1. Of the residues that make up segment 109-118, is at least one over 22 Å from His74 (Cβ atoms), assigned to a loop (DSSP other than H, G, I, E, B) and either in contact (Cβ under 8 Å) with a residue 24 or more places away in the chain or more than 17 Å from the chain's Cα centre (by Cα) (or both)?
2. For segment 65-72, indicate whether the set of residues that are free of Cβ contacts under 8 Å to residues at least 60 places away in the same chain, of a type outside the set (Asp, Glu), within 16 Å of the ligand (Cβ to nearest atom) and loosely packed, with under 12 Cβ neighbours inside 10 Å is non-empty.
3. How many residues are without any contact (Cβ under 8 Å) to a residue 40 or more places away in the chain, more than 16 Å from the ligand (Cβ to nearest atom) and open to solvent by 70 Å² or more (accessible area, probe 1.4 Å) if we restrict to segment 1-51?
4. Sort through Met202, Met209 and tell me the only one that's loosely packed, with under 12 Cβ neighbours inside 10 Å, under 28 Å from Glu2 (Cα atoms) and either of a type outside the set (D, E, K, R) or more than 13 Å from the ligand (Cβ to nearest atom) (or both).
Amino acid sequence: MELLDKLNWRYAAKAMNGDTVPDEKLQNILEAARLAPTSSGLQPFEIIVIENKELKEQIKPVAWNQSVITDCSHLLVFAAWDTYTEERINYMFDLTNDIRGFKNEGWENYRQMLLSSYPQKDAEENFNHAAKQAYIAFSQALAAAAFEGVDATPIEGFDPDAVDKILGLREKGLRSAVLMPIGYRKENEDWLVNLVKVRKPMEDLVTVMK
Ligand SMILES: Cc1cc2nc3c(=O)[nH]c(=O)nc-3n(C[C@H](O)[C@H](O)[C@H](O)COP(=O)(O)O)c2cc1C
């Protein structure tokens, strides 16, 4: 039940007080994102951690002027690969072989299958697939933040092209997918903090087929 208590505590904070999240908590949140499962284990995204005040100030106007962008402790940018390349696929398969210390025929066949499909696909389709994987890590980081007693606001309300430009992401083969300011709620300025959490009833969410 402890996890559900924390998930009930969390909400999409609308105002933060500027206090700093201790590094240990930040690292735990990032580790939760790193541990997220991804399609074929490719982890096709990176996380940019912005502490820099000027960068936050540049991003705020292209993120609907949301105050949490500048009043957060750290602004996490989940940036997905702009496409799947042979090099990127090989990197993860080689890393797996290195870490496990052996090569496996089935795994190598699977590598060839991915090499003969993903890199030939349209970059936009690949980016959309990669962004979905970034969202899995994003969600895991959101839950980890709650576990650590750290507030986090999921943010899709921003201009990705503008954020990519500010951070020079395209040059690195990345595209911003979703933002997550983390910090601490400023209760007296947050209209959402005391409102009851709204979710549709379980019966409208889950269908059991026996
Ligand atoms: C992918 C995603 C993008 C979101 N973008 C924004 C946003 O730009 N600004 C904002 O204030 N809330 C944003 N939200 C917050 C949602 O409105 C909020 O999670 C939802 O209403 C449920 O409320 P709760 O998170 O407080 O429980 C976003 C949530 C998600 C999951």
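The values are calculated or read from the model by the stated rules, or taken from the named source; none is laboratory data. Note that the structure is predicted; figures quoted are calculated from it, not measured. Note: ideal-geometry Cβ built from the backbone for every residue, glycine included; neighbour counts use all protein chains shown. The accessibility values were calculated without ligands, DNA or RNA, using every heavy atom of the protein model including side chains. Shrake-Rupley method; radii C 1.70, N 1.55, O 1.52, S 1.80 Å.
1. Yes, there is a match, as at least one residue in segment 109-118 is over 22 Å from His74 (Cβ atoms), assigned to a loop (DSSP other than H, G, I, E, B) and either in contact (Cβ under 8 Å) with a residue 24 or more places away in the chain or more than 17 Å from the chain's Cα centre (by Cα) (or both).
2. For segment 65-72, residues free of Cβ contacts under 8 Å to residues at least 60 places away in the same chain, of a type outside the set (Asp, Glu), within 16 Å of the ligand (Cβ to nearest atom) and loosely packed, with under 12 Cβ neighbours inside 10 Å: present.
3. Summing the residues that are without any contact (Cβ under 8 Å) to a residue 40 or more places away in the chain, more than 16 Å from the ligand (Cβ to nearest atom) and open to solvent by 70 Å² or more (accessible area, probe 1.4 Å) in segment 1-51 gives 6.
4. Being loosely packed, with under 12 Cβ neighbours inside 10 Å, under 28 Å from Glu2 (Cα atoms) and either of a type outside the set (D, E, K, R) or more than 13 Å from the ligand (Cβ to nearest atom) (or both) holds for just one of Met202, Met209, which is Met202.
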